[in-house]
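Beneath this line is the structure, given in structure tokens, with notes to follow.
The values are calculated or read from the model by the stated rules, or taken from the named source; none is laboratory data. Keep in mind that this is a model prediction, so the values were computed, not measured. Because the Cβ atoms are built from the backbone with ideal geometry, glycine has one as well, and the counts that use them run over all protein chains shown. For accessibility, only protein heavy atoms count, side chains too; no ligands or nucleic acids. Shrake-Rupley method; radii C 1.70, N 1.55, O 1.52, S 1.80 Å.
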Amino acid sequence: MLAEPPEPGAFDYAAMAPVAGGWRLECAGTAPPAAWDRFAAALFAPADGAALEVLSYWDNAQGQHRFAAFRDGRCAGLLFAGREPVRVSRTWAAEQLGAACAAEDRFRLLAGRPGADRPDRGAIVCACLNVGANEIAAAAVGGCANVDAVGAATGAGTNCGSCRAEIGRLIHDHALAEAG
């Protein structure tokens, strides 16, 4: 997650999409950077040259590297890297870009998911009302057995309606899991 778009040619594979506070970047390469801290610093470097604070975590044995960059008390970038696919709540992480972050909460960002006191909405299903798959699943667990009931509980599917089929699939998947 980056506040400013990177140069896409810097990666063997890159997919980039705009998010509210900047850019979501998923990238891959055939060889790791020589120094992850320098790689993260270059990736986060603002165009105006302003200084950033960067927190980092790495576990070389597991091949995990995580960085969180801050500018003026706000999240300016997040990097989660690993040899295996990285487990991160991408929706939640993207929402952190540009958000104010108190010093005592900054280490939470390195986890890549909200704390136990903050629910993870999951991948956004209803873009109109910003309702995630986990919220829809929770509504189904709570007894919402059809799309209209989920809409009444969460608002999902009540505006343009293009997500109603996906909501129905999530309800169906929940029913199958309950039956199985």
Next on the checklist: Pick from G77, G168, G98 the residue whose mean-square fluctuation is largest in a GNM of the chain, springs joining Cα atoms under 10 Å.
Outcome noted: G168
Item to check | Protection-proxy order for peptides 55-61, 1-7, each taking the mean of Cβ atoms within 10 Å per residue, highest first | outcome: 1-7, 55-61
Checklist entry - With every protein chain present, what is the per residue accessible area of the chain (1.4 Å probe, Å²)? => result 57
Checklist entry - Using alpha-carbon positions, what is the distance between the centroids of the range 33-112 and the range 116-180, in Å? => result 30
Checklist outcome for this item: GNM of the chain, Cα pairs under 10 angstrom: of R71, R38, R108, the biggest fluctuation goes to R38
Checklist entry - Using unit Cβ charges (K, R positive; D, E negative) and no other charged atoms, how large, in debye to the nearest 20, is the dipole of the range 50-180 about its Cα centre? => result 280
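What percentage of the solvent-accessible surface of the chain, computed with a 1.4 Å probe over protein heavy atoms, is contributed by carbon and sulfur atoms?
Details: 5460 of 10270 Å².
The nonpolar share, carbon plus sulfur, comes to 53 percent.
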Item to check | the range 99-174: projected area of the alpha-carbon convex hull, averaged over directions, in nm² | outcome: 5.8
Next on the checklist: With the cut-off at 1.5 for a/c, could you classify the range 1-47 from its C-alpha gyration tensor as rounded, prolate or oblate?
Outcome noted: oblate
Checklist entry - Per 10 Å bin from zero, what fraction in whole % of the C-alpha pairs of the chain is there, up to the bin with the longest pair? => result 9, 32, 29, 20, 9, 0
Next on the checklist: Could you derive backbone 3J(HN,Hα) for the range 96-103 from the dihedral phi with the Karplus parameters 6.51, -1.76 and 1.60 (θ = phi - 60°), listing whole Hz in sequence and x where the residue is Gly or Pro?
Outcome noted: 7, 4, x, 7, 5, 9, 5, 3
Next on the checklist: What does the C-alpha gyration tensor say about the overall shape of the range 12-83? Classify as rounded when a/c is under 1.5, otherwise prolate if a/b is larger than b/c, or oblate.
Outcome noted: oblate
Checklist outcome for this item: Rounded to the nearest 500, the 222 nm mean residue ellipticity computed for the chain from DSSP H runs (n ≥ 4, each -39500 (n - 2.57)) alone is -8500 deg cm²/dmol
